[in-house]
Amino acid sequence: VEAEPPRFLRGRRFAFCGDSTELLALRAKALAHGAPEVKNITKTVVWVAADEVDGTSRQHGKARELGLPILAIREADVRLSEEIAIAQHEQFEREQVLAAQEAERARWRAERERQQEADDAYWGPTWRKREHKEDPGPPEW
């Protein structure tokens, strides 16, 4: 079983106009890394990859209307690889922050446990003697 790649591009939207094998492979790469399927081109789309940069389709027109960059396949592949690298770096930084937070929590728990042991060592003999003196023992049946 092949491992699924991390979904680094979740929330980043890219549109693909055309049906060439290179464009379909690029689209598959984006989807495999978590980019959502884009049916309609809206202002939330980052860029549009197209077989024909100067195309006249409805998607091309909408992208131009919104001022979105329309990229050739090779340029889109480079940009997609950059987006994946940026997302991987952001994920790495998030993991570093989480690891540092967890280390701080572990340090705090260890310090609290050490303090609790010190408190028990100090107060334990005081209350233990009285507790044992007043303990009636197990009930007789």
(message) When the expected Rg is taken as 2.2 N^0.38 Å, what fraction or multiple of it is the alpha-carbon Rg of segment 22-84?
(response) 1.05
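Treating only the Cβ of Lys, Arg, Asp and Glu as charged (+1, +1, -1, -1), what charge dipole size does segment 1-128 show about its Cα centre? Round to the nearest 20 debye.
Working: 20 positive and 23 negative charges, 97 e Å.
In total the dipole reaches around 460 debye.
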(request) With a 1.4 Å probe and all protein chains in place, put Thr21, Thr44 in order of accessible area, largest first. (result) Thr21, Thr44
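With a 1.4 Å probe and all protein chains left in place, how much of the accessible area of segment 1-102 comes from carbon and sulfur atoms, in whole percent? All intermediate terms of the calculation are to be shown ahead of the outcome.
On the way: 3470 of 6540 Å².
Heavy-atom surface of segment 1-102 belonging to carbon and sulfur, 1.4 Å probe: 53 percent.
Just subtract the alpha-carbon distance of Arg64 and Trp108 from 0.36 nm times their residue separation and send over the number in nm, one decimal.
Details: separation 44, 0.36 × 44 = 15.84 nm, distance 5.52 nm.
Stretched fully, the Arg64-Trp108 segment lengthens by 10.3 nm.
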(request) Please give the FRET efficiency for Glu22 paired with Val78, using the beta carbon to beta carbon distance and R0 = 22 Å, rounded to the nearest 0.05. (result) 0.95
(request) Per residue of segment 43-60, in order, report the coupling 6.51 cos²θ - 1.76 cosθ + 1.60 (Karplus, θ = phi - 60°) as ³J(HN,Hα) in whole Hz, putting x for Gly and Pro. (result) 5, 7, 6, 7, 7, 10, 9, 9, 5, 10, 5, 9, x, 10, 6, 4, 5, 4
(request) Calculate, in nm to one decimal, what Gln91 and Leu31 gain on full extension: separation in residues at 0.36 nm each, minus their alpha carbon distance. (result) 19.8 nm
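Quick one: net charge around Arg27, please, counting Lys, Arg +1 and Asp, Glu -1 for every other residue with C-beta under 13 Å from its C-beta. Intermediate values should be presented prior to the final figure.
Details: positive: Arg13, Lys29, Lys39; negative: Asp19, Glu22, Glu37, Asp51, Asp77.
Computed value for this residue: -2.
The values are calculated or read from the model by the stated rules, or taken from the named source; none is laboratory data. Values in this document were obtained by computation on a predicted structure and should not be read as measured data. Glycine gets a Cβ as well: all are built from the backbone with ideal geometry, and neighbour counts include every protein chain shown. To get the accessible areas, we keep the full protein, side chains included, count just its heavy atoms, and leave off ligands, DNA and RNA. Shrake-Rupley method; radii C 1.70, N 1.55, O 1.52, S 1.80 Å.
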